[in-house]
1. How crowded by other chains is B:26-39, given as the mean number of beta carbons from other chains within 10 Å of each beta carbon?
2. For a quick protection proxy, order the peptides B:31-44, B:144-157 by their average other-Cβ count within 10 Å, most packed first.
3. Residue by residue through A:62-75, how many Cβ atoms from other chains fall within 10 Å of the Cβ on average?
4. Working from Cα positions, state the angle (0 to 90°, nearest 10) between the long axis of helix B:141-174 and the longest principal axis of chain B.
5. DSSP loop (so not H, G, I, E, B), at most 13 other Cβ within 10 Å: list which chymotrypsin sites (Phe, Trp or Tyr not before Pro) in the stretch A:31-109 pass both filters.
6. Would you mind working out the magnitude of the charge dipole of the protein assembly as shown relative to its Cα centre, with +1 at each Lys and Arg C-beta and -1 at each Asp and Glu C-beta, to the nearest 20 Debye?
7. When only Cα pairs under 8 Å and 6 or more residues apart are kept, what is the percent relative contact order across chain B?
8. Would you kindly compute the Cα radius of gyration of the stretch B:53-210 and its largest Cα-Cα separation (Dmax), both in Å?
Amino acid sequence: MDSHGDARAQAPGAEPGAHGNLAKYLTGFGFAVVLTLASFWAAGTHLVWAPGVPVLLAALAIAQMGVHLVYFLNVSSAPDQTNNFLALAFGIFVVGLVVFGSMIIMANLNANMMPMEQLMQMQR
Amino acid sequence: MSALDVTDAPELLRDDEVPLSRRGPAATRDVVAFGFWLFLLSDIVIFATLFAGYAVLSGQTAGGPTGVQLFDRGRVLLETACLLTSSLTCGLCALSCVRRNTAATYLWGAVTFLLGASFIALEFSEFARLIAQGAGPTRSAFLSAFFSLVGTHGLHVTLGLGWLMVMMAQVTTLGFRPMIIRRLLCFSLFWHTLDIVWIGVFTIVYLGAR
């Protein structure tokens, strides 16, 4: 079907060679299991300084998302995957903008809000 | 014909040297998978808005129960195990489909379905328990955000299970046509993406609860 033009832009999961790779799936699954167990361990442990636990959880989650993208979705920065990679980068940009933008704006509004008692008195 | 035209003729150049304007249309499979990839990214943006809502509202319990009091980490670990393993078996199903191995496609498809259905059953019973405890979505802003986020993910998994059944029926009736293989590859991408979203859910909602 596409024996000739395979060097050009390819979609994730569509490479004939890479997608037929059982070892890649099993490696990814192994990494994912280790990272998941590490997350659940980190959430309940007292070995890690308590305020550092959320940072550790975030790092483990981002690592596991990377493992899923690379090993299961076959996304890479190879030259023939430029389109997919750019779309992914834009998606991550929008996600970051929405999540962190909302959190910063709402925290700011919350901090600047008049205390509730004063607000109630003004409405009288 | 000038000398320049001859050296520029696509058949005389290696694949990666063919100018973009002369390569002709991309293979259908690449176009389909790229379009589906864009859909998945837009789906992730939907989840990002729900995550943002949850992050803002997670402390607003209105005097009601907090996440730590409500969530059962053992159950969440079980749910995660179901979804993660189903992601692997779904990949194996797509692999068998590409290799046109009928028996293996059905086997891994069935395992994927059972694991996905176990995930949904566990999540449904958790929701039922919360609502029975009086911690339904109407109790507080925190619980509204929780049920929207986790419920939307559960809805996606449920729809995915329906899609998987349709795909198995199409493999039976239509066989391994290129169209069917493309659809199963898209399903596999969808299922892996739901697992990526679930990583965010269990990290932020369940393990990050305080």
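Quick note: the coordinates plus some simple rules give every number you see, no bench work behind them. Keep in mind the model is a prediction, meaning the values are calculated, not measured. A quick note on method: Cβ atoms are made from the backbone with ideal geometry, for glycine too, and the neighbour counts reach across all protein chains shown.
1. Averaged over the peptide's residues, the number is 6.
2. Ranking, from highest mean packing down: B:144-157, B:31-44.
3. Mean shielding by partner chains, rounded to a whole number: 4.
4. Roughly 40 degrees between the two axes.
5. On the way: sites: A:F31, A:F40, A:W41, A:W49, A:Y71, A:F72, A:F85, A:F90, A:F93, A:F100; in loops: A:W49.
The qualifying sites are A:W49.
6. Rounded to the nearest 20 debye, it is 780 debye.
7. Values: 168 pairs, mean separation 62.3, N = 210.
Computed value for chain B: 30 percent relative contact order.
8. 17.8, 57
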